[in-house]
Amino acid sequence: MKTFITSSPRKAAAYIRRGEVVAFPTETVYGLGANVFNAGAVRKIFSAKGRPADNPLIVHIMSRNQLPLLSTDIPRSAQLLMREFFPGPLTVILKKSKDIPAVVTAGMDTVGIRMPSLPLTRKFLLECGMPVAAPSANRSGTPSPTTWHAVKDDLDGRISCILKGERAIHGVESTVVDCTIDRPLILRTGAITLEQLRHVLPSIGITRSGVPGHPRSPGTKYRHYAPRARVRIISSTAAIRNPLRSAYIGLSKPGTALAAEKVCRSPKEYAHALYHFFRSCDRKGIETVYCQRVPLSGLGRTIMERLGKASRHE
Ligand code: TXA
Ligand code: MG
């Protein structure tokens, strides 16, 4: 199939209304969307990405008026979070309405809902006229795309349309919070930090990633976010070997010259750059990407969670 590339949200939305899949920018990463109520269209997302069918999708809304289409059971915790963080990089998990096809939620009785803030995304969702189910617009397992070029590298010829926008502002995915339980729980760390969420819900919990039996979002069990290069987490730049075939990303400046390096001024810049850097390392044929460990606070928690997944070799 030929992939149509456009900067017109109206033209891109016309594909959604025809039951096709469209990649579109958001403030976190690019998404790959379909009409949430069209099971056949949603199935095309799974086949284009090579995504396991047991991994549910996030549903993107344009306004609060669309909420009743997706869920009629909105606990107080979710109301508080939505008031503070919608539109923005937060996904709330709610009990799903029966109108949402099972393929969207991988058969679960809950649904993830997010309202993006990027103006181009909002124009696109408005033109679509319905909520749009969308995972990140990468081939399953690779780093989420933060530019439309990255989407094209992964999905050209496999999807109908790419809506072209700027490079993503956050560069990491939304934070996913389960609001269906008495004490809401962060299932996936992301662009909104634990500290920000605690301001609104002091009792919010966080899953211990990797602990067997601990609740978490289904997607986090897969190896993820990984470049082809080996990813090594290091505390000190003194651990770098084979610098001419290696790359480095972190907060302090490495002592040696490497094939590629990205020195970030803050965890925010580190999170923003990470997936973009992974993809550029693969284009250069880098063997090992050394990633500097950061403290587990603020976005550092999100960075370390992603590095943990990317460095796992299975
Ligand atoms: O920022 C983002 O969240 C981006 C943009 C495009 O919105 N989307 C994204 O989607 O990262 P995806 O599919 O790559 O990651 C969604 C995560 C997965 O780990 C999935 O398992 C989890 O959210 N999730 C979705 N629905 C869920 C549900 N009902 N219960 C638990 N986890 C859910
Ligand atoms: Mg993803």
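Okay, here's what the table says:
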{"quantity": "Accessible area in the full protein assembly, largest first, 1.4 Å probe, for GLU127, GLU173, GLU84, GLU305", "calculated": "GLU84, GLU127, GLU305, GLU173"}
{"quantity": "Candidates per chymotrypsin sites (Phe, Trp or Tyr not before Pro) in segment 61-152, loop by DSSP, up to 15 other Cβ within 10 Å", "calculated": "none"}
{"quantity": "Cross-link table LYS44/LYS96; LYS123/LYS268; LYS44/LYS98, entries beyond 25 Å C-alpha to C-alpha", "calculated": "LYS123/LYS268"}
{"quantity": "Ranked by how many other beta carbons lie within 10 Å on average, peptides 230-239, 89-98 from highest", "calculated": "89-98, 230-239"}
{"quantity": "Under 17 Å from LYS284, Cα to Cα: aspartates and glutamates that are on another chain or at least 8 residues apart", "calculated": "ASP153, ASP154, GLU261"}
{"quantity": "Value at 222 nm in deg cm²/dmol, rounded to 500, when DSSP H runs of n ≥ 4 in the chain each add -39,500 (n - 2.57)", "calculated": "-8000 deg cm²/dmol"}
{"quantity": "Between segment 109-131 and segment 1-30, the Cα center-to-center distance that results, in Å", "calculated": "13"}
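The values are calculated or read from the model by the stated rules, or taken from the named source; none is laboratory data. Keep in mind that what you see is a predicted model, and the values were worked out from it rather than measured. Don't worry about glycine lacking a Cβ; one is built from the backbone with ideal geometry, like all the others, and counts go over all protein chains shown. We work out accessible area using only protein heavy atoms, side chains counted, and drop any ligands, DNA or RNA first. Shrake-Rupley method; radii C 1.70, N 1.55, O 1.52, S 1.80 Å.
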